[in-house]
Amino acid sequence: MNKRFSGVVVPMITPLNDDFTVDVEAVKRIIHLFSKYNIHPLVLGTTGESTSINETESLRLVEAANSAKQANQCLYVGLVGNQVNDLILRGNSYINAGADCVVATLPSYYVLNNDQMILFYETLANKLSGPLMVYNITATTHMSIPLEVIEKLAQHNNIWGLKDSERDANRMQTLINTYKHTKGFSYFCGWGAKSFESLQFGADGIVPSTGNYVPDMYFKLYEAAKQNQWDVVEHWQSETDNVARLYQKDKTLGESLAVLKALMNEKNLCNKTMMPPLTAIS
């Protein structure tokens with residue numbers, strides 16, 4: 001279906017200067033590179049060290065990304081935190097700065113029951129002045145959003161989709177089958193190794209962090225999927241898996257992000273600087 005939100009969305013690294021401010025020129029370089037391959041940026045996501053970037057620099061990043069984005073791009077912005085009123089204020093500031101959609105994780109401190117999860121997302125959806133997408137990532141929130149919660153949230157007219165990074169193949173297929181014919185609700189697979197399978201099942205889009213380093217490969221993968229050339233998609237899945245292993249194998253999430261920035265530094269896309277408490281590699 002031709003949905004409002006679809007395609008390849010790369011959770012962009014946050015390029016930093018040595019003084020930990022956002023490197024605006026690097027933001028422009030990366031987003032212009034993404035545009036060349038029809039890739040949409042997701043800033044302030046997990047790959048973007050979102051929880052460590054302060055409010056001032058977060059807004060500078062969104063403003064820089066909006067200034068750099070091209071006509072073929074949507075700008076997605078992550079919304080991460082534990083204080084609901086603050087999230088509403090930040091989300092609206094991001095939308096006012098040009099975000100096409102904000103993508104919110106669950107608060108990560110208290111374990112929430114189903115009703116509390118629904119209340120959290122419906123409160124955001126009611127108070128935000130632009131589209132909201134649900135972001136399920138158990139690796140950082142330590143909670144999985146149940147299917148029945150997603151079913152309830154999908155009925156809200158300002159909740160436009162789900163980015164699901166949970167590594168559960170049965171869950172992935174169930175969600176795709178449930179929502180692939182739902183006009184106002186998109187499913188994005190946030191499990192890079194399942195890009196091929198998710199698109200073959202009918203996912204609306206994929207969210208691979210490895211796309212920071214090899215956006216051209218994901219362009220070829222997605223274009224082949226649109227043409228039902230599944231042998232070609234499978235080839236590029238294998239190639240991108242090899243690249244992912246370069247920076248992810250035997251590393252924590254924070255360590256892998258530092259290696260990813262170092263790889264991008266070799267391409268003169270950004271500095272290697274990481275926001276504390278994470279550290280750059282030598």
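Take the Cα of Leu119, step 7 Å toward its Cβ, do the same at Thr279, and the gap between the two points is 4.2 nm.
Potential lengthening of the chain between Asn158 and Leu89 amounts to 23.2 nm, from the contour at 0.36 nm per residue minus the alpha-carbon distance. In a reduced charge model with +1 at each Lys and Arg Cβ and -1 at each Asp and Glu Cβ, region 195-282 shows a dipole moment near 400 debye about its Cα centre. Relative to a virtual label point 7 Å from the Cα of Leu253 in the Cα→beta-carbon direction, which members of region 141-171 show backbone nitrogen distances below 14 Å? Residues 141-145, 164-167 qualify, since their backbone N sits under 14 Å from the label point. Backbone N atoms of region 190-210 closer than 16 Å to the 7 Å Cα→Cβ label point of Gln173 belong to residues 194-203. Enclosing the Cα atoms of region 106-157 in their convex hull gives a volume equal to 76 cubic angstrom per residue.
Bridgeable aspartates and glutamates around Lys180 (alpha carbons under 17 Å apart, same-chain partners fewer than 8 residues away excluded): Glu148, Glu151, Asp164, Glu197, Asp204.
Extension gain for Glu166 to Trp230 (0.36 nm times residue separation, less C-alpha to C-alpha distance): 20.7 nm. Using all pairs of distinct alpha-carbon atoms, the Kirkwood hydrodynamic radius of the chain works out to 18.7 angstrom. Give, as ranges by residue number, the residues of region 188-232 whose backbone N falls under 12 Å from the point 7 Å along Cα→Cβ of Lys180. Output list for this probe position: 197-205.
A short reminder: the numbers here are calculations on the coordinates, not readings from a lab. For clarity, every value in this text was computed on a predicted model and none was experimentally measured. Please note: Cβ atoms are built from the backbone with ideal geometry, for glycine as well, and neighbour counts cover all protein chains shown.
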